[in-house]
Amino acid sequence: MVFVLSLAPICLAADLASTPPMGWNSWNKFAEKVDDKTVREMADTIVSTGMKDAGYIYVNIDDTWEGERDAQGNIQSNKKFPDMKALADYVHSKGLKIGIYSSPGPKTCAGYEGSYQHEQQDANTWAAWGIDYVKYDWCSADKIYKPTEMQAIYKKMGDALKATGRPIVFSLCQYGLQNVWEWGGSVGGNLWRTTGDIEDNWKSMSTIGFDKQAGHEKYAGPGHWNDPDMLEIGNGGMSATEYRTHMSLWAMLAAPLLAGNDLRSMTKETHDILENKEVIAIDQDKLGRQGTRVSKEAGAEIWTKPLENGDLALALFNRSEAMVSVKAFWEILGLKGKHKLRDLWAHEDLGSFRDYYSREVVAHGVVLLRIAR
């Protein structure tokens, strides 16, 4: 089989994912049940619900799409995906982009065909199909390679993707091993997982988001992002309050926003959380700064994130089991005098406040503000 590679110009990493990637991924909700029909319907729904207009662009197929290799070693999709090129064309026809998944090992996490010893060949195949995003999951690679070889192995695929001539976002999925944030960008990565897999519950989400991201801030920026994993919003394991906290925290972290629910049947509540454009604007701010925690006391946490126009995003989180009063003093935020505040979940201007702002925050909840400077 002969593939004709895309003639699209080679892009530098910083030209790809200049803001954190946004879209949808199949794994959290569908796992091995994902198929061509589901992906097409998700693309349709992204457009019809306004998610595309809100910034959700990538439609990403996770594990279990892979079939066997042909006589020349070219990877084939399995019967769930009878024509991957046609599927990519369909997604592109909606004004969206499409992603795919593989592993540097011989098998993927679910036991399907990996890219071991076929790195450039697979990259060429994906480019010929029209793929725009590749998630590369370590999995069985740990049976082939030593941990110290991880950087070189990911660079091999990063170089292979670049050599295709097609702009393809490269997502490193190796759970934060080997301090990936220190080298992920140098091997062509546009984002890299900082932790193990997220689960649809408060403990998992809050531990990953609040406790596992500190210290990685300096490694995030346009073209290269820390990735605390996909969104669980709408999958049913958390309350609406907790999902708003999830969305707010990921926005403050300048994290990729990859929805993981069934978009076709989401409630208005889920829709409104995922499509809050004021919250998305914090995540997608072009300055590309990852937010930081400035105080932590009795379950209350205050986080800030500087924005391109000079404004400051301020998040008042409550990780405790009861309502708490959270007071943010301008002095610890590097502010002085009087400032106007806007509540990004209530979509309302709160007025001007001098020296501090105080608010009651419900258990597991958040108040997300934008401070004009």
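The numbers here are math on the coordinates, done by the rules we state, and not lab data. Predicted model only: the values in this text are computed from it and were never measured. Heads up, the Cβs are rebuilt from the backbone with ideal geometry, glycines too, and the neighbour counts pull from every protein chain shown.
Beta-bridge orientation, the range 61-175: approximately 25 percent antiparallel, per DSSP, counting only bridges with both partners inside.
Shown here: the range 13-283, whose C-alpha atoms stretch 52, 40, 32 Å along the first, second and third principal axes, sorted largest to smallest. Have a look at the DSSP beta bridges in the chain and tell me what percent are antiparallel, nearest 5. Bridges in the chain that DSSP calls antiparallel: roughly 60 percent.
Note on LYS336: lysines with a C-alpha under 16 Å away, same-chain residues under 8 apart excluded, are LYS327.
With a Cα cut-off of under 13 Å and a minimum spacing of 8 residues unless on different chains, the lysine pairs in the range 41-186 number 4. Between ILE233, ILE131, ILE208, the GNM of the chain built on Cα springs shorter than 10 angstrom shows ILE208 fluctuating the most. Taking each residue as 0.36 nm, the span from SER320 to LYS146 lengthens on full extension beyond its C-alpha to C-alpha distance by 58.5 nm.
If a/c stays under 1.5 just call it rounded; otherwise compare a/b with b/c (prolate if a/b is bigger, oblate if not). Do that for the range 113-239, with a ≥ b ≥ c from the square roots of the Cα gyration tensor eigenvalues. It comes out prolate by the Cα gyration axes.
Stretched out straight at 0.36 nm per residue, the stretch from LEU350 to ALA372 would grow longer than its current Cα-Cα span by 6.8 nm.
Angle of helix 36-48 to the longest C-alpha principal axis of the chain, folded into 0 to 90 degrees and rounded to 10: 40°. Roughly what % of Cα-Cα distances in the range 227-373 sit above 27 Å, to the whole percent? Tail fraction, whole percent: 18. Sorted from greatest to least, the principal axis extents spanned by the alpha carbons of the range 292-371 come out as 35, 25, 22 Å. Largest GNM mean-square fluctuation across ILE144, ILE273, ILE57, computed for the chain with C-alpha springs under 10 Å, falls on ILE144. Footprinting exposure proxy ranking of SER48, SER206, SER320, SER103, fewest other C-beta atoms within 10 angstrom first, gives SER48, SER320, SER206, SER103. Rounding to the nearest 10 and keeping the result within 0 to 90°, find how far the Cα-based axis of helix 150-163 lies from the longest principal axis of the chain. Compared with the principal axis, the helix lies near 70 degrees.
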